[in-house]
Amino acid sequence: MSTPGEKLAESLEQLKTIQDQGIVAIKASDLTRVHRERLVKNNFIREVIKGWYIATPFDEKKGDSTSWFSSFWGFCGRYLEDRYGEDYCISAEQSLMLHAGNDSVPIQLVIRSTKGNNSLTSLLFGTSLFVMKSPLPDIAEIEIKNGVRMVNLASSIIHSTPSIFTRQPIEARTALIMIRDASELLGILLDGGHSTIAGRLAGAYRNLGQDKIADDIIKTMKSADYDVRETDPFKEPTPIKFDLRERSPYVNRIRLMWHTMRKEIIAVFPKAPGLPEDKDSYIKAIEDIYTTDAYHSLSIERYTVTPELIERVRSGAWDAKENEDDRKQKDAMAARGYWQAFKVVKESVIQILHGENPGKVVDKDHGDWYRELLAPSVTVGLLKASDLAGYRNIQVYIGQSKHTPINKDGVRDVMPLLFELLENEEEASIRAVLGHFIFVYTHPYVDGNGRMGRFLMNAMLVSGGYPWTVIPTEERDRYMTALESASFGQNIKPFAEYIAYLVTASLKGTPIAK
């Protein structure tokens, strides 16, 4: 007779077979009732809506949204295909967001379908699907991204509501600048007789400094006998001049975010003291607060069943409670790695204190920080040796965040830009706040991103003579909420205010973290 462990192992093997096919949304019919109920009971799958499930870590705490947010796009893709086949696409506005490199989980994903009934389907953690009964655009305007059917770039720009330019100006500008020639838009504008939209897009391109595209839209529409009146849909001028050779939406988004967010930080941050004359005392002060300055990684990957886990379950060695010895070893290796990384970060800080450009120093040295941070865990086998290779080659997710970090190809576009921005930025406060934020927003590594981001923040604070500043574990929720506001809502103010509050306390000699 099979033991409970052997029975659960059989169910896990079925789940692994499903996951090996790349399936995220698990339909009830994918598993027998016995396997399904056993996996639900042991917290290996969770029901999203009736008859549909996602895989979850068995030890995921109640209220933890990580597995859902990391599964969102894959779940929606299969669910919508099963329900509507090719008779659906997501809204123009959400399509534009995805084209602009914003893969964040929307609170409500709006769907167009001729089979729609203007109904709302509630999902997990306050998210939902709303299916509008609506004709679909021409088939030539539809493509697939993130596993869902969406309208192409030109169609998303043309058919998005005017409010997108004021609600999501960074994404709107990023999408617009990806269009290289007015002809990409004019076919849809002319065939649809969209004279009002043409005038709005001409004004938008004028705002971006793209006069040729603006003029071509106006002239072509008028030559077809349309009355076009140019209007600017943006509230403010474009803050940067775009490099038209740049093809990556991620680079353009990050550059826009940097320049848009600067003023919020300057408004709340205390003035930089300037580099200290007594550099030895400054370094000694950093060494004295070392033990309070460590955090665990924020990087969390999507959960999958491994053969090793199946065998542990089958043999009876598996326990849903965390193994205490494993935990202690993991903590010990993390502590050792943090100490080794801190020492090389300190060498970078010394260079900055002696007047070297902080952006150049960190660009040159951050790979050494990372290798030292993870080396002990690799040595004892907690991480793979390949994890030391550098920037990640897989998708990662951030615990309980709607923000989806930039994909692996985008990472290699964004990281050189980050160091370029740090190198050219005049204000240390901007370097510190946006350096940290953009780093964790990008999440360039498989592990250690939070610790690396805080090292980067403090190296940039040093460049202005600010004290080394510790983010206290007791205020982790405030810290993470502020980062989420910046990542998902593109509101940097809460994060800037929080870091300014910590720095101000340190300047006064009353640091928050003890």
Selection within region 186-214 - among the small types (Gly, Ala, Ser) and assigned to a helix (DSSP H, G or I): 187, 192, 195, 198, 199, 202, 203, 204, 214
Unmet requirement for residue 388, which otherwise passes all of (1) within 30 Å of residue 63 (Cβ to Cβ); (2) among the hydrophobic types (A, V, I, L, M, F, W, C); (3) free of Cβ contacts under 8 Å to residues at least 24 places away in the same chain: (1)
In region 37-65, the residues that are buried (at least 21 other Cβ atoms within 10 Å of the Cβ) and under 25 Å from residue 395 (Cα atoms): 44, 45, 48, 53, 54, 55
Residue within region 353-371 that is of a type in the set (A, V, I, L, M), modelled with pLDDT of 90 or more and crowded, with 21+ Cβ neighbours inside 10 Å present: yes
Subset of region 139-182 that is in contact with a Phe, Trp or Tyr (Cβ under 9 Å, 6 or more places away or on another chain) and within 12 Å of residue 233 (Cα to Cα) - its residue that is surrounded by the fewest Cβ atoms within 10 Å (Cβ to Cβ): 166
Residues that are surrounded by fewer than 15 Cβ atoms within 10 Å (Cβ to Cβ) and touching a Pro at 6+ places or on another chain (Cβ under 8 Å), drawn from region 260-288: 285
Total residues in region 465-484, condition outside any helix (DSSP H, G or I) and surrounded by fewer than 20 Cβ atoms within 10 Å (Cβ to Cβ): 2
Some residue of region 414-429 being closer than 19 Å to residue 368 by Cβ and of a type in the set (D, E, K, R): yes
Search result, residues across region 399-415 that are under 17 Å from residue 101 (Cα atoms) and either touching a helix residue (DSSP H, G or I) at 6+ places or on another chain (Cβ under 8 Å) or of a type in the set (Gly, Ala, Ser) (or both): 401, 402, 403, 404, 405, 406, 410, 411, 413, 414, 415
Failed condition for residue 20, given (1) buried (at least 18 other Cβ atoms within 10 Å of the Cβ); (2) under 29 Å from the mean Cα position of the chain (by Cα): (1)
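Matching residues to (1) touching a helix residue (DSSP H, G or I) at 6+ places or on another chain (Cβ under 7 Å); (2) more than 27 Å from residue 229 (Cα to Cα); (3) at pLDDT 95 or above:
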{"site": "114", "(1), (2), (3)": "no, yes, yes"}
{"site": "122", "(1), (2), (3)": "no, yes, yes"}
{"site": "136", "(1), (2), (3)": "no, yes, no"}
{"site": "186", "(1), (2), (3)": "yes, no, yes"}
{"site": "196", "(1), (2), (3)": "no, no, yes"}
Set 185, 136, 189: member being buried (at least 21 other Cβ atoms within 10 Å of the Cβ) and farther than 27 Å from residue 250 by Cβ: 189
Positions within region 27-60 being charged (D, E, K, R) and either touching a Gly at 6+ places or on another chain (Cβ under 9 Å) or assigned by TED's automatic domain parsing to the domain that holds residue 105 (or both), in sequence order: 27
Odd one out for residue 469, checked against (1) over 18 Å from residue 258 (Cα atoms); (2) in contact with a Lys or Arg (Cβ under 7 Å, 6 or more places away or on another chain): (2)
Test: residue in region 426-438 that is without any contact (Cβ under 8 Å) to a residue 12 or more places away in the chain, surrounded by fewer than 24 Cβ atoms within 10 Å (Cβ to Cβ) and either of a type outside the set (A, V, I, L, M, F, W, C) or not in a helix (DSSP H, G or I) (or both): yes
Scan of region 485-505 for residues that are in a helix (DSSP H, G or I) and in contact (Cβ under 8 Å) with a residue 24 or more places away in the chain, ordered by number: 486, 487, 488, 493, 495, 496, 497, 499, 500, 502, 503, 504
Every residue from region 390-419 that is loosely packed, with under 14 Cβ neighbours inside 10 Å and farther than 13 Å from residue 443 by Cα: 416
Residues within region 120-140 that are not in a loop (DSSP other than H, G, I, E, B) and not basic (Lys, Arg), tallied: 10
Condition check for residue 241: in a helix (DSSP H, G or I) and over 27 Å from residue 113 (Cα atoms): no
Verdict on residue 313 being in the same structural domain as residue 407 (by TED's automatic domain parsing), at pLDDT below 60 and buried (at least 18 other Cβ atoms within 10 Å of the Cβ): yes
Hits in region 145-164 - residues which are in a strand (DSSP E or B) and either in contact with a Pro (Cβ under 9 Å, 6 or more places away or on another chain) or over 12 Å from residue 94 (Cβ atoms) (or both): 151
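One line per residue, one yes/no per condition, for (1) out of contact with any strand residue (DSSP E or B) (no Cβ under 6 Å at 6 or more places or on another chain); (2) modelled with pLDDT of 95 or more; (3) more than 18 Å from residue 405 (Cβ to Cβ); (4) not aromatic (Phe, Trp, Tyr):
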| site | (1), (2), (3), (4) |
| --- | --- |
| 41 | yes, no, yes, yes |
| 44 | yes, no, yes, no |
| 49 | yes, yes, yes, yes |
| 61 | yes, no, yes, yes |
| 65 | yes, no, no, yes |
| 73 | yes, yes, no, no |
| 87 | no, yes, yes, yes |
| 90 | no, yes, yes, yes |
| 95 | no, yes, yes, yes |
Single match in 464, 399, 410 (criterion: outside the structural domain of residue 107 (by TED's automatic domain parsing) and either within 30 Å of residue 284 (Cβ to Cβ) or more than 18 Å from the chain's Cα centre (by Cα) (or both)): 464
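The values are calculated or read from the model by the stated rules, or taken from the named source; none is laboratory data. No experiment lies behind these values; they were computed from the predicted model shown. For neighbour counting, all protein chains shown are included, and Cβ atoms are generated from backbone atoms with ideal geometry for every residue, glycine included.
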